[in-house]
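Below: the structure, in structure tokens.
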Amino acid sequence: MPQITLQLKRLGKKKVKQIPLTLDAIPKNLNELLVGCVKNQVEAFNKKRTEVNIIGFLSPTEIQEQAQSGKVDFGDLTNKNLAVEQEAIDNVLVAFKDGLFVVFVDGNEVTTLETPLVLTEESVIAFIRMTFLVGSYW
């Protein structure tokens, strides 16, 4: 199973989040890459919602690590709803077509879902979420 690293960015923000991702197969085009990413994330999301937290306290190390991110909690989730994989896939494809995010592979923008991809383990895949201005001049 191929493992790749995704970079998640937002316009106007300096922070880049690195996410290791293991796919079932090497994607041949952007559509397959997006579907593989969504399936992986839906599985992780749903798994987190079905896990039972049997330890009701945090160690000093866990408190320190969480304090670095700015939020300390026990990890309890109030929303136990599971994600529907096909709905998530449909959403990501519409979001890409609508320009809500752009994808770069090794520094080159991928503009269509059918664009062939040649990925290696050293490939850098960046998802950049576009931020739109809100308001009007009325």
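Looking at region 21-43, which of its residues are in a loop (DSSP other than H, G, I, E, B) and exposed (fewer than 15 other Cβ atoms within 10 Å of the Cβ)? So that I can check it myself, show each step before the final result.
Of all residues in region 21-43, those in a loop (DSSP other than H, G, I, E, B) come to 23-28.
Scanning region 21-43 gives Asp24, Ala25, Lys28.
Rundown of residues vs (1) at pLDDT below 90; (2) assigned to a strand (DSSP E or B); (3) open to solvent by less than 100 Å² (accessible area, probe 1.4 Å); (4) over 28 Å from Thr131 (Cβ atoms), yes/no style:
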{"residue": "Leu6", "(1), (2), (3), (4)": "yes, yes, yes, no"}
{"residue": "Lys14", "(1), (2), (3), (4)": "yes, no, no, no"}
{"residue": "Ile19", "(1), (2), (3), (4)": "yes, yes, yes, no"}
{"residue": "Val52", "(1), (2), (3), (4)": "yes, no, no, yes"}
{"residue": "Ile55", "(1), (2), (3), (4)": "yes, no, yes, yes"}
{"residue": "Ile63", "(1), (2), (3), (4)": "yes, no, yes, yes"}
{"residue": "Gln66", "(1), (2), (3), (4)": "yes, no, yes, no"}
{"residue": "Thr78", "(1), (2), (3), (4)": "yes, no, no, no"}
{"residue": "Thr120", "(1), (2), (3), (4)": "yes, no, yes, yes"}
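Please determine, by comparing only the residues of region 85-118 that are in contact (Cβ under 8 Å) with a residue 24 or more places away in the chain and part of a loop (DSSP other than H, G, I, E, B), which one is most open to solvent (accessible area, probe 1.4 Å).
So the residue we want is Glu114.
The values are calculated or read from the model by the stated rules, or taken from the named source; none is laboratory data. Predicted model, so just to flag it, every value in this text is computed and none were measured. Positions of Cβ are generated from backbone atoms using ideal geometry, with glycine treated the same way; all protein chains shown enter the neighbour counts. Accessible surface areas use protein heavy atoms only, side chains included; no ligands, DNA or RNA. Shrake-Rupley method; radii C 1.70, N 1.55, O 1.52, S 1.80 Å.
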